[in-house]
Amino acid sequence: MQPMEAEALNEAIAKARAVMLRAHAPHSGFRVGAAVVLSDGAVFAGCNVESASYGLTLCAERSALSAVIAARGSLAADAVRLVVVATEADGPTPPCGACRQWLVEFAPNAEVLAVARDGRSASWSVAELLPDAFTGDQLP
Ligand SMILES: [Zn+2]
């Protein structure tokens, strides 16, 4: 894939940070926003939504991927170009294990960019985040 233009990248980061402010995180206080950038330039955002039962909490990454699927249906493997994850932490926060599995299934060729409050960032390919992943290919 071509490198993303700075303007588009900054727009995606701004969207992730904006949606982070809408997170429902009364239990952890850890607000997260995610922006999923498609190959056609469309951007879908999602935030974490916590449940009092904790285990039903939905992360920002899966929230944003759900928004993409709700809008576009099933995606081609290369449809998602970038997933930005914004937090208020002091350093970049990588996706949790559940989100890594979703990334493998719905955005296998995406870059994941984690941006912290202070502007520090880190990025990974999805394969780096979850090597030797289980996928539908293993199902009979
Ligand atoms: Zn997660």
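The values are calculated or read from the model by the stated rules, or taken from the named source; none is laboratory data. Note that the structure is a prediction, hence the values are computed from the model and not measured. Glycine also receives a Cβ, built like all others from the backbone with ideal geometry; neighbour counts cover every protein chain displayed. Surface accessibility is based on the protein's heavy atoms, side chains included, excluding ligands, DNA and RNA. Shrake-Rupley method; radii C 1.70, N 1.55, O 1.52, S 1.80 Å.
In region 74-89, the qualifying residues are those that are modelled with pLDDT of 95 or more and over 11 Å from residue 38 (Cβ atoms), and the one that is surrounded by the most Cβ atoms within 10 Å (Cβ to Cβ) is 86. Can you name every residue in region 44-90 that is of a type in the set (Val, Ile, Thr) and touching a Lys or Arg at 6+ places or on another chain (Cβ under 9 Å)? Residues satisfying the conditions are 84, 87. Here the condition is being touching a strand residue (DSSP E or B) at 6+ places or on another chain (Cβ under 8 Å), closer than 19 Å to residue 3 by Cα, buried (at least 16 other Cβ atoms within 10 Å of the Cβ) and of a type in the set (A, V, I, L, M, F, W, C); of 112, 49, it holds for 112 alone.
Could you say whether any residue in region 6-22 is within 16 Å of the ligand (Cβ to nearest atom), under 17 Å from residue 98 (Cα atoms), open to solvent by less than 30 Å² (accessible area, probe 1.4 Å) and touching a residue at least 40 places away in the same chain (Cβ under 8 Å)? Give the steps one after another, and end with the answer.
Taking region 6-22 and keeping what is within 16 Å of the ligand (Cβ to nearest atom), we get 16, 19-20.
After this cut, where a residue has to be under 17 Å from residue 98 (Cα atoms) as well, the list is none.
No, because not a single residue in region 6-22 is within 16 Å of the ligand (Cβ to nearest atom), under 17 Å from residue 98 (Cα atoms), open to solvent by less than 30 Å² (accessible area, probe 1.4 Å) and touching a residue at least 40 places away in the same chain (Cβ under 8 Å).
Of all residues in region 29-46, count the ones that are within 12 Å of the ligand (Cβ to nearest atom) and assigned to a loop (DSSP other than H, G, I, E, B).
Qualifying residue count, region 29-46: 1.
Residues in region 47-72 that are more than 12 Å from the ligand (Cβ to nearest atom), out of contact with any His (no Cβ under 9 Å at 6 or more places or on another chain), modelled with pLDDT of 95 or more and not in a helix (DSSP H, G or I): 53, 56. The numbered conditions (1) within 11 Å of the chain's Cα centre (by Cα); (2) of a type outside the set (A, V, I, L, M, F, W, C); (3) closer than 18 Å to residue 126 by Cα are all true for residue 39 except (1).
A search for C-beta distances below 8 Å between a residue of region 80-92 that is part of a strand (DSSP E or B) and any residue that is hydroxyl-bearing (Ser, Thr, Tyr), counting only pairs 6+ apart in sequence or on different chains, returns 80/39; 81/39; 85/93; 87/93.
If you take the residues in region 94-109 that are over 11 Å from the mean Cα position of the chain (by Cα) and within 14 Å of the ligand (Cβ to nearest atom), which one is least open to solvent (accessible area, probe 1.4 Å)? Steps first, answer last, please.
Initial filter on region 94-109 (over 11 Å from the mean Cα position of the chain (by Cα)): 97-98, 101, 104-105, 108-109.
Subset that is within 14 Å of the ligand (Cβ to nearest atom): 97-98, 101, 104-105.
Details: 97: 54, 98: 46, 101: 47, 104: 21, 105: 96 Å².
Taking the candidates together, the pick is 104.
Among the residues making up region 52-66, a single one is open to solvent by 30 Å² or more (accessible area, probe 1.4 Å) and of a type in the set (D, E, K, R): 62. Of the residues making up region 23-37, those that are open to solvent by 20 Å² or more (accessible area, probe 1.4 Å) and touching a Pro at 6+ places or on another chain (Cβ under 9 Å) number 0. Which residues, taken from region 115-140, are open to solvent by 20 Å² or more (accessible area, probe 1.4 Å) and among the β-branched types (Val, Ile, Thr)? The answer is 135, and nothing else.
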